[in-house]
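Participant: Got a structure here, written out as structure tokens. Questions coming.
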Amino acid sequence: MLVYARKNAVRDSGQPTLAGPLGHTVAVVVLFVALAIAGGLFQKHARSEPAALGGHPSVVPLYLSLIASEWALVYWVWKGGLQRTGTKLRDLVGGVWNSGRRIATDLLLACGLWLLWLGVLRVWQIYSGTSHAASVNVFLPRGVYEAALWIAVSVSAGFCEEVVFRGYLQRQFWALTGSNAAAVLLQAMVFGVAHAYQGTGAALKVGSYGFLFGLLASWRKSLRPGMMAHAWSDIFGGLISKAG
């Protein structure tokens, strides 16, 4: 019992202990780098042979695979990381919804974060223009059925990516570096690298997104507002603004 308590203890300085083995954390980061490289190769092929993408493809298998991949990643973090140290998933999520006031507060924070991100995007577009990966637009949903699946993808991404990046990796980086600021920055860098297949500009933009969400998670000590903002941002981008 004493060992379990010490594993999950927070040091007097407020710095957390590792939520998973160091080797597992390295493996997670390497996975995202590998996915970025694979995505970059696909983008290069798509740009050299744009006809290969054709018109609007059947996106249902893609959406289903994305949902499965998101939850498989969370399962890997839980099974390979959290279980090894006795850390609970709810410890990463943080926060409690035991009153309407708490729910409303997190909802307002989510709305504020999303509006702030829209402002950042607007400034980004003014100075760098709007650009998209070669394969992004053709995979956006069309029709009611695809739209419903896109919402499921977005909700899954909102929960799963916040758990992995702003929950697991951010805590791991904080425990390893002893700096909360460094942890927020490092997880944002990994988040950006994971999207580097879309180009350097997109990676920087997504990294900025991760940085803002990391700041909120750190301040609020909860992933809940970020999860809602993340899910809605993806829903809005795919169904309303078509910005991806």
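The values are calculated or read from the model by the stated rules, or taken from the named source; none is laboratory data. Worth saying up front: this structure is predicted, and the values here are computed from it rather than measured. Quick reminder, even Gly has a Cβ in these numbers, built from the backbone with ideal geometry, and neighbours come from all protein chains shown.
Participant: Within the range 168-188, track down each residue that is closer than 24 Å to TYR75 by Cα and surrounded by fewer than 18 Cβ atoms within 10 Å (Cβ to Cβ).
Facilitator: Residue satisfying the conditions is LEU176 alone.
Participant: For the subset of the range 10-61 comprising residues that are modelled with pLDDT of 85 or more and polar (S, T, N, Q), which member is farthest from LEU73 (Cα to Cα)?
Facilitator: Among those residues, the one meeting the criterion is THR17.
Participant: Here's a follow-up. May I ask you to list the residues in the range 74-86 that are closer than 11 Å to PRO21 by Cβ, touching a residue at least 60 places away in the same chain (Cβ under 8 Å) and not aliphatic (A, V, I, L, M)? Walk me through how you get there before you give the answer.
Facilitator: Just the residues of the range 74-86 that are closer than 11 Å to PRO21 by Cβ, to begin with: 80-85.
Restricting the remaining residues to those that are touching a residue at least 60 places away in the same chain (Cβ under 8 Å) gives 80-82, 84-85.
Selection gives GLY80, GLY81, ARG84, THR85.
Participant: Follow-up. Report yes if GLY207 is of a type outside the set (A, V, I, L, M, F, W, C) and over 24 Å from MET228 (Cα atoms), otherwise no.
Facilitator: No.
Participant: Checking the structure you have, find out if any residue of the range 68-79 is surrounded by 15 or more Cβ atoms within 10 Å (Cβ to Cβ) and at pLDDT below 80.
Facilitator: no
Participant: Yes or no: the range 132-153 includes at least one residue that is of a type in the set (S, T, N, Q), in contact with a helix residue (DSSP H, G or I) (Cβ under 7 Å, 6 or more places away or on another chain) and part of a helix (DSSP H, G or I).
Facilitator: No, the conditions are met nowhere in the range 132-153.
Participant: Sticking with this structure for a sec: Write out, first by first residue and then by second, each pair whose Cβ atoms fall under 6 Å of each other, whose residues are 6+ apart or on separate chains, and whose first residue, in the range 208-228, is part of a loop (DSSP other than H, G, I, E, B) while the second is of a type in the set (D, E, K, R).
Facilitator: Correct list of pairs: LEU223/GLU162; LEU223/ARG166.
Participant: Determine which member of the set TYR197, TYR209 is buried (at least 16 other Cβ atoms within 10 Å of the Cβ) and modelled with pLDDT of 85 or more.
Facilitator: Checking each option against the conditions leaves just TYR209.
Participant: Please count how many residues of the range 89-124 are without any contact (Cβ under 8 Å) to a residue 12 or more places away in the chain and either farther than 25 Å from LYS205 by Cβ or of a type in the set (A, V, I, L, M) (or both).
Facilitator: Adding up the residues that qualify gives 14.
Participant: Here is a further query. Based on what the data block shows, is VAL93 surrounded by 11 or more Cβ atoms within 10 Å (Cβ to Cβ), β-branched (Val, Ile, Thr) and modelled with pLDDT under 95?
Facilitator: Answer is no for this residue.
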